[in-house]
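Notes for the one structure printed next.
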Amino acid sequence: MNVKLFIFLLIMGLLVFLTSCMSRENLFDLANDTLDPDIKLSVPGGGFIGETEVFVPRKETFTINNIGDKDLQINGLAIIHGDITQFDLDVSTIVSLLEPGDSTSFDIIFKPTKVKTSNVTIALISNDPDQENYEFTIHGIANVSTKGITGPEARISLESVQYPAEGTGILSFGSVEVDRLSLPARFTIENIGDYDLMLYDLY
């Protein structure tokens, strides 16, 4: 038999064998395969960030991998539900565009101010067509401080005011004409506690 003919028949037979071993669904998937990014998030401890004492922060690093075959675009990362004041996100090291096979990382800081188990849900937004809005839950446990830390304590004092309402706890600006401004009152806010004081709003 001609050697070239033998090789041709051998290749054809191998192709027929491989085709017969594959289901119609597999052939369809192979024919319609597309290039997509694929996000994979490594969550240490299964989402448990660990135990710490109240007012003693604990940090954990999380890794994002692109296991797909197209660039992965990280469009957002935020804490969306739960005990939001007990956790912080540090995204200073994160890379927003990951080529196939690349990875990046970010930190979650558990900074408890209450003796309790705290939980938050975090949303990771990307261009992964299967997981555009990937949500995961983190929780941590805060125990009583063994160092005697009691937390922040705010003290507000009035530096100067023209018309104090003595004994009422209410500041009075006296009589002011319409469309006129009163004399200013200046307040000082001090933290006389033993932990950082965070001011979230003033109204």
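The values are calculated or read from the model by the stated rules, or taken from the named source; none is laboratory data. Here the structure is a predicted model, which is why all the values come from computation and not from measurement.
Table: residues versus (1) in a helix (DSSP H, G or I); (2) within 30 Å of Ile189 (Cα to Cα); (3) among the hydroxyl-bearing types (Ser, Thr, Tyr).
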{"site": "Thr63", "(1), (2), (3)": "no, no, yes"}
{"site": "Ile74", "(1), (2), (3)": "no, no, no"}
{"site": "Ile141", "(1), (2), (3)": "no, no, no"}
{"site": "Ile149", "(1), (2), (3)": "no, yes, no"}
{"site": "Pro152", "(1), (2), (3)": "no, yes, no"}
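Determine whether segment 28-35 contains at least one residue that is more than 25 Å from Ser118 (Cα to Cα) and either among the charged types (D, E, K, R) or at pLDDT 95 or above (or both). Yes: one or more hits.
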